[in-house]
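J.: One structure, pasted below without further comment.
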Amino acid sequence: MNIFEDKVVLITGANRGIGRALVKALLNQGVRKVYATCRDLDTMSSFEDNRVTVLSLDITKDMQITTIAAIAQDTEILINNAGVINAGNILEGDLGGMDNDMSVNYFGTIKMMRAFAPILKKNNPSKIINIVSIAAYSPLPSIAGYAASKAALFSATQSVRIELAKEEVEVYAINPGAIDTDMNKDSDWDMPDPESIALKILESVGDGKFDIVPDEMGQGMYNAWREDPAKLSKIFSDLYYGENFK
Ligand SMILES: NC(=O)c1ccc[n+]([C@@H]2O[C@H](COP(=O)([O-])OP(=O)(O)OC[C@H]3O[C@@H](n4cnc5c(N)ncnc54)[C@H](OP(=O)(O)O)[C@@H]3O)[C@@H](O)[C@H]2O)c1
């Protein structure tokens, strides 16, 4: 069964990367309407589909969130995809960057869930799909603020899942490993493209899984963590100190 058919979806950060790929995948799955939002509408290329309504939204701006929630009252699926990444470790990294990671990835997403919870309750059965990260499980000193913000978001997602459990609003956490988007533009790792990940995300949500790791690298990290969190720490310690994986 295609659970996205005829649904109304709102997605943040839809102008590029995973967000843009999700819009295209959703259109191919027969959604009724997509509210494709992003900060700067000049950066949104056309999806050439009249089911797409393009809206301007910075998820750190309370007034903009209120405006969008008033417009998108028919939303049945909220996809919180917008995110930022700032480099730096805990002891010496720029605190401004860490603050930005938390403002967007954690507080911005929480504000979106708060604004849309009444709408999703009204339009139930409905869904919140949060694009978190495998960083939620991972000690990553070179992007420590990002990892902390995603760990916080993963925790918030688990909490909201329980808070909305009796309201027929399902809450999903998507925890990818490295994907080939602007976020990884300086990396030479072999990474899956956002289009294949978008398809995998929609397929996994359709299968009714609530915590989803949509790619192989992420799965490897998740399995190491499940076996023993110290095993995942060792992988990232070796990476941080430039040693080979053992
Ligand atoms: N790529 C990966 O390896 C990876 C792995 C795990 C999880 N993720 C997560 O996947 C999501 C999408 O990332 P991506 O890989 O597609 O990266 P991306 O290409 O850098 O896209 C990030 C998106 O977030 C938007 N954004 C940033 N700050 C925002 C704000 N304050 N309000 C609204 N939108 C904002 C960006 O808009 P602008 O164009 O205006 O900057 C852009 O559309 C993020 O949450 C990221 O953490 C990515």
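J.: In nm, give the distance between the simple-model label positions of E227 and S155, each being 7 Å from the Cα along the Cα-to-Cβ direction.
T.: Result: 2.8 nm between the two label points.
J.: Order the peptides 219-231, 49-61 from the highest to the lowest mean number of other Cβ atoms within 10 Å of their residues. Walk me through the numbers on the way to the answer.
T.: Numbers: 219-231: 14.5, 49-61: 16.8.
By packing density, highest mean first, the sequence is 49-61, 219-231.
J.: In deg cm²/dmol and to the nearest 500, what is the mean residue ellipticity at 222 nm of the chain if only DSSP H runs of at least 4 residues count, each as -39500 (n - 2.57), divided by the residue total?
T.: Details: 8 runs with 100 residues, N = 246.
The per-residue figure over the chain is -13000 deg cm²/dmol.
J.: Follow-up question, since we're still on this one. Can you return the aspartates and glutamates within cross-link range of K234? Criterion is Cα-Cα under 17 Å, with same-chain partners fewer than 8 residues away left out.
T.: E243
J.: Whenever you get a sec, compute what percent of the accessible area on region 31-181 sits on carbon and sulfur atoms (1.4 Å probe).
T.: Working: 3570 of 6680 Å².
Reported share for carbon and sulfur atoms: 53 percent.
J.: Just from the alpha-carbon atoms, what are the Rg and Dmax of region 1-119 in angstroms?
T.: Reported Rg and Dmax, both Å: 15.1, 50.
J.: Follow-up question, since we're still on this one. Hey, what does the equivalent ellipsoid look like for the chain, semi-axes from the Cα gyration tensor as sqrt of 5 times each eigenvalue, largest first, whole Å?
T.: Numbers: eigenvalues 171, 72, 65 Å².
Semi-axis lengths for the chain are 29, 19, 18 Å.
J.: Considering only the chain, what is the antiparallel percent among its DSSP beta bridges, to the nearest 5? Write down the numbers at each step before the final one.
T.: On the way: 0 of 25 bridges.
Taking every DSSP beta bridge within the chain, about 0 percent pair in antiparallel fashion.
J.: Moving on to the next point. Label points 7 Å out from Cα along the Cβ direction at I162 and K234: separation in nm?
T.: 3.3 nm
J.: Rounded to the nearest angstrom and ordered from largest down, what semi-axes does the equivalent ellipsoid of region 89-170 get from its C-alpha gyration tensor (root of 5λ)?
T.: 29, 12, 7
J.: How large is the charge dipole for region 8-216, taken about the Cα centre, if only the Cβ atoms of Lys, Arg (+1) and Asp, Glu (-1) carry charge, to the nearest 20 debye? List each step's numbers first, then the result.
T.: Working: 19 positive and 28 negative charges, 183 e Å.
With Lys and Arg at +1 and Asp and Glu at -1, about 880 debye.
J.: A further question on this structure: Using the beta-carbon distance between K185 and I90 and R0 = 22 Å, what value does 1/(1 + (r/R0)^6) give for FRET efficiency, to the nearest 0.05?
T.: Details: r = 24 Å, r/R0 = 1.09.
The pair K185/I90 has a calculated efficiency of 0.35.
J.: Determine, from the Cβ-Cβ distance of Q64 and N2 and an R0 of 35 Å, the FRET efficiency 1/(1 + (r/R0)^6), rounded to the nearest 0.05. Can you show the working numbers first?
T.: Numbers: r = 32 Å, r/R0 = 0.90.
Efficiency, rounded to the nearest 0.05: 0.65.
J.: Per residue, what accessible area does the chain have, given a 1.4 Å probe and all protein chains present, in Å²?
T.: It amounts to 50 Å² per residue over the chain.
J.: Work out the count of Lys pairs in region 8-216 where the Cα-Cα distance is under 19 Å, with the pair 8 or more places apart or on different chains.
T.: 18
The values are calculated or read from the model by the stated rules, or taken from the named source; none is laboratory data. Values in this document were obtained by computation on a predicted structure and should not be read as measured data. Every residue, glycine among them, receives a Cβ derived from its backbone with ideal geometry; neighbour counts consider all protein chains shown. Heads up: the accessible areas ignore ligands, DNA and RNA and are worked out on the full protein's heavy atoms, side chains in. Shrake-Rupley method; radii C 1.70, N 1.55, O 1.52, S 1.80 Å.
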